[in-house]
Amino acid sequence: MENSISLVLKLKQNQTFLKSKYIRIARKIGINKLKYILKEFLGPFLFGVAAFTAIFVGSDTLMKIAEYITKYGASTISVIKIFGLALPQIIVYTFPMAVLLGSLMCFSRLSGSSELIVMRTSGQSFFRLATPVLLIALVISFIAVAFNEFVVPWSNLQYQQVVNMEIRKNIYPGVTNHVVLRDVQDGKIIHLLYARKYEPDTKTLSNITIQEFQNEKVVRVEHAPEATWDNGKWVMKDGVVYDLNDEGVDRMIHFSNQVINYAQAPDQIQKEQKREDQMTVRELLQQKKAFESAHADTSNLVMEINRRFSLPLASFIFALIGAPLGVQKQRSSSSVGFGISVVIIFIYYATMTFAGSLGRGHIIAPSLAVWIPNIIALFAGFYLIRRASD
């Protein structure tokens, strides 16, 4: 009896040991498969970044450089500068394209060589096999968001300064529309000035609105039809001051002349004005506040703010599309995969352009217009993933 009990216990121990051993082996095999899939993805992805960047550079940047050389006689150093400074914004656009190509080519090769079938027959679901690609695409999206916030605006601003200062020899436009000046102290905004336009010939700012902040809250608003540069200071004329409280306007005061102590000199105003693609998200939000206070159109600003997130996140969404599209019975060449990627990219950016036009025309909400291509692509990706999992 005792021998039988000990034999049973030994058998159970052996079964437990073998079971744990098999689990460890299965996990090791699964991890190796995931690493293998990730390795298959990275090669086409890096190729896609290089290839699509080269296409953008050849079709746009090199043409501009040729114009700067022939028209303005740009020096070699200036040309090298603008070439390098143009790359960050191009790379942000190529990341989603490269992710699409990488995911499509990865699963196309695995499917064409029947390796994907072997992996799935061993108990691995398609979604599990696609998980490493989706995760790395999500990481790429987060990197692109940070890159788009901290690197791209700076590089775009430096690019424009090199073009204006070194190539065009400090040539600035005559009239500057939508001037925004910020008074920032200890990292907090104190005054935010908006002027409808600046005329350098008369050194005049027109249709001025100034917001004064305390602890990020507007406590005073000033309006004036114009301000002129007089004896080294900007002087507003015939304006109104509104003191605000939690309930609205506390009091209203008219003034004949008032000095703007923090505004830049006329020769600095045009130099320090930034386009939307040269601002950080925080600066864009401040610009939006200034436009709203003056009842100016904020559509472009709203679209740019949303675009800072929608375009980088397209990398993850394109991975959802590319992975299931690569699953096929017949062997596929790299040229076919590249061609499919180009078609999908063309449809995506065509939709982006069309929806953007609708947003700028106020036919649909500007924020929705920016996200429409991603929403469509996201639903398409979920559908394709579900079909590939069947």
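Filter the stretch 250-265 down to the residues that are assigned to a strand (DSSP E or B) and open to solvent by less than 80 Å² (accessible area, probe 1.4 Å) and list them by number.
Correct list: I253, F255, S256, Q258, V259, I260.
Take S357 and tell me if it is closer than 28 Å to E149 by Cα, polar (S, T, N, Q) and open to solvent by less than 40 Å² (accessible area, probe 1.4 Å). Spell out the reasoning first.
Numbers: closer than 28 Å to E149 by Cα: yes; polar (S, T, N, Q): yes; open to solvent by less than 40 Å² (accessible area, probe 1.4 Å): no.
In short, no.
Go through I305, I345 for me and flag whichever is of a type in the set (V, I, T), open to solvent by less than 30 Å² (accessible area, probe 1.4 Å) and within 20 Å of D277 (Cα to Cα).
On the way: I345 fails: within 20 Å of D277 (Cα to Cα).
Every option except I305 fails the conditions.
Conditions tested, residue by residue: (1) crowded, with 16+ Cβ neighbours inside 10 Å; (2) part of a loop (DSSP other than H, G, I, E, B); (3) free of Cβ contacts under 8 Å to residues at least 12 places away in the same chain; (4) of a type outside the set (V, I, T).
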position: A54; (1), (2), (3), (4): no, no, yes, yes
position: S59; (1), (2), (3), (4): no, no, yes, yes
position: I65; (1), (2), (3), (4): yes, no, no, no
position: Y68; (1), (2), (3), (4): yes, no, no, yes
position: I91; (1), (2), (3), (4): yes, no, no, no
position: P96; (1), (2), (3), (4): yes, no, no, yes
position: L101; (1), (2), (3), (4): yes, no, no, yes
position: L110; (1), (2), (3), (4): yes, no, no, yes
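Within the stretch 226-238, is even one residue of a type in the set (G, A, S) and touching a Pro at 6+ places or on another chain (Cβ under 8 Å)?
Looking for residues that are of a type in the set (G, A, S) and touching a Pro at 6+ places or on another chain (Cβ under 8 Å), one finds none in the stretch 226-238, hence no.
Run down V179, V184 and say which single residue is over 30 Å from I321 (Cβ atoms), of a type in the set (V, I, T) and open to solvent by 30 Å² or more (accessible area, probe 1.4 Å). First the steps, then the outcome.
Numbers: V179 fails: open to solvent by 30 Å² or more (accessible area, probe 1.4 Å).
Residue meeting the stated conditions: V184.
Provide a single number: the residues in the stretch 236-249 that are farther than 18 Å from L193 by Cβ, in a strand (DSSP E or B) and open to solvent by 60 Å² or more (accessible area, probe 1.4 Å).
Of the residues in the stretch 236-249, the ones farther than 18 Å from L193 by Cβ are 245-249.
Now narrow it down to the ones that are in a strand (DSSP E or B): 245, 248-249.
Now drop any that are not open to solvent by 60 Å² or more (accessible area, probe 1.4 Å), which leaves 245, 249.
Number of matching residues: 2.
Can you pull out every residue in the stretch 358-390 that is under 30 Å from R128 (Cβ atoms) and either outside any helix (DSSP H, G or I) or of a type in the set (K, R) (or both)? Before the answer, list the steps.
Applying the first criterion (under 30 Å from R128 (Cβ atoms)) to the stretch 358-390 yields 371, 373-390.
Listed by number, the residues that qualify are R386, R387, D390.
Name every residue in the stretch 195-235 that is among the acidic types (D, E), open to solvent by less than 80 Å² (accessible area, probe 1.4 Å) and either outside any strand (DSSP E or B) or closer than 20 Å to R251 by Cα (or both), in order of residue number.
E212, E222
How do the pairs read when you match residues in the stretch 365-390 that are under 15 Å from G322 (Cβ atoms) with residues anywhere that are surrounded by fewer than 15 Cβ atoms within 10 Å (Cβ to Cβ), using Cβ under 7 Å and keeping only pairs 6 or more apart or on different chains?
Once the first residue is under 15 Å from G322 (Cβ atoms) and sits in the stretch 365-390, its partners that are surrounded by fewer than 15 Cβ atoms within 10 Å (Cβ to Cβ) give I385/F127.
Consider V49 carefully, then state whether it is open to solvent by less than 10 Å² (accessible area, probe 1.4 Å), under 27 Å from G381 (Cα atoms), at pLDDT 90 or above and in a helix (DSSP H, G or I).
Values: open to solvent by less than 10 Å² (accessible area, probe 1.4 Å): no; under 27 Å from G381 (Cα atoms): yes; at pLDDT 90 or above: yes; in a helix (DSSP H, G or I): yes.
Considered against the rule, which asks whether it is open to solvent by less than 10 Å² (accessible area, probe 1.4 Å), under 27 Å from G381 (Cα atoms), at pLDDT 90 or above and in a helix (DSSP H, G or I), V49 comes out as no.
What is the number of the single condition among (1) more than 19 Å from the chain's Cα centre (by Cα); (2) exposed (fewer than 13 other Cβ atoms within 10 Å of the Cβ); (3) at pLDDT 90 or above that V139 does not meet?
(1)
The values are calculated or read from the model by the stated rules, or taken from the named source; none is laboratory data. Here the structure is a predicted model, which means the values were calculated and not measured. Cβ sites come from the backbone with ideal geometry, for glycine too, and all protein chains shown count toward neighbours. Remember, those area values only see protein heavy atoms, side chains included, never the ligands or the DNA or RNA. Shrake-Rupley method; radii C 1.70, N 1.55, O 1.52, S 1.80 Å.
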